[in-house]
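Working notes, beginning with the structure itself.
The values are calculated or read from the model by the stated rules, or taken from the named source; none is laboratory data. Here the structure is a predicted model, which is why all the values come from computation and not from measurement. A quick note on method: Cβ atoms are made from the backbone with ideal geometry, for glycine too, and the neighbour counts reach across all protein chains shown. Ligands, DNA and RNA are excluded from the accessible area calculation, which covers all protein heavy atoms including side chains. Shrake-Rupley method; radii C 1.70, N 1.55, O 1.52, S 1.80 Å.
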Amino acid sequence: MSERASRRGFLAHGAAGLTTLALAGCTGIADAPWAVNLLGEVENLTRVAMRLFAGSHALAPEFTKADIAPVFRPNGTLNPNTNDYNIHASQGFKDWIIPVGGLVENPLKLSLADIRKFPPRTQITRHDCVEGWSCIGEWTGAPLAAILALAKPTPEARYVVFYCADPMGSEDVDAQGNLILPPFYYESLDLLEATHPQTILAYELNGKPLPVENGAPIRVRAERQLGYKMAKYVQRIDLVASYDRIGGGKGGYWEDQGYQWFGGI
């Protein structure tokens with residue numbers, strides 16, 4: 001194993017292990033002040049180590065076709081299964097439009113056909129899940145940096161927020177009979193990670209259209225990040241100066257539940 005691989009493995013297992021500890025039913029430990037502080041320190045260490053030793057735009061390892069898993073294991077939501085999503089899926093997502101807005105000079109509305117017009121990038125990479133498993137697949141998509149360049153972020157923009165089509169729970173009714181809708185998945189990357197050469201809006205997996213269980217029609221691939229950072233079913237992209245007032249204010253659905261915002265490996 002190379003030194004780089006060893007470091008990558010150490011950081012991945014360290015951060016993943018501690019985060020898993022926080023989210024695998026060990027509520028008592030995860031809520032303890034020392035554990036919260038330790039998780040925060042690991043996040044900082046991982047971020048500093050990656051950017052100190054690996055460089056700000058160093059590439060994640062890429063593999064050969066011989067390394068591709070026969071079946072790519074999906075993570076997270078396997079099907080949004082909302083009426084709106086099911087209609088789009090039945091029509092082959094031909095009318096799926098992704099607005100790119102927020103702090104940009106040139107707001108965009110991109111169809112799948114528009115996204116496919118960007119020079120594609122294909123990469124065979126390893127998906128590392130916070131649950132402790134990994135899987136290698138071939139992804140093709142449009143580099144997010146090219147899309148952002150067209151949208152022209154303003155100087156105030158610091159983060160890219162991805163809003164997704166998968167509800168995280170079921171509808172409910174409160175004591176007054178009011179309908180309570182579940183939150184929808186969202187995630188964010190800073191501009192450094194969003195403009196990384198291997199950060200793409202993927203529309204193909206292993207040479208075929210992205211399956212529903214893997215995030216059809218569009219998902220994020222940010223190859224230096226853990227799986228939960230790579231939002232599936234992307235339906236809107238906003239550039240913001242801060243995510244403090246979005247969702248629970250932590251930068252992503254799982255971050256609002258206790259995951260660390262920086263999911264670097």
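Tabulated results
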{"item": "Exposure of Thr64 as accessible area (Å², to 10), given a probe of 1.4 Å and all protein chains", "result": "80 Å²"}
{"item": "Net +/- balance of residues flanking Arg221 in space, Cβ distance below 14 Å, scoring K and R +1, D and E -1", "result": "-1"}
{"item": "3J(HN,Hα) from dihedral phi, region 89-97, Karplus parametrisation 6.51/-1.76/1.60, rounded to Hz, x for glycine, proline", "result": "4, 5, 9, x, 6, 5, 9, 6, 10"}
{"item": "Cα centroid separation - region 186-213 against region 93-116, whole Å", "result": "15 Å"}
{"item": "Solvent accessible area, Å² - Lys94, 1.4 Å probe, full protein context", "result": "130 Å²"}
{"item": "Protein-only accessible surface order, largest first, of Phe184, Phe93 at 1.4 Å", "result": "Phe184, Phe93"}
{"item": "Those aspartates and glutamates that a straight Cα-Cα span of less than 13 Å connects to Lys232, excepting residues fewer than 8 apart in one chain", "result": "Asp166, Glu187, Glu204, Glu213"}
{"item": "Members of Lys117/Lys152; Lys94/Lys208; Lys152/Lys229; Lys65/Lys94; Lys65/Lys152; Lys117/Lys250 lying beyond 25 Å, as alpha-carbon distances in this model show", "result": "Lys65/Lys94; Lys65/Lys152; Lys117/Lys250"}
{"item": "13 Å beta-carbon shell around Asp244, net charge (K/R +1, D/E -1)", "result": "+1"}
{"item": "Surrounding net charge for Ile87, when Lys and Arg each add one and Asp and Glu each subtract one, Cβ distance under 14 Å", "result": "-1"}
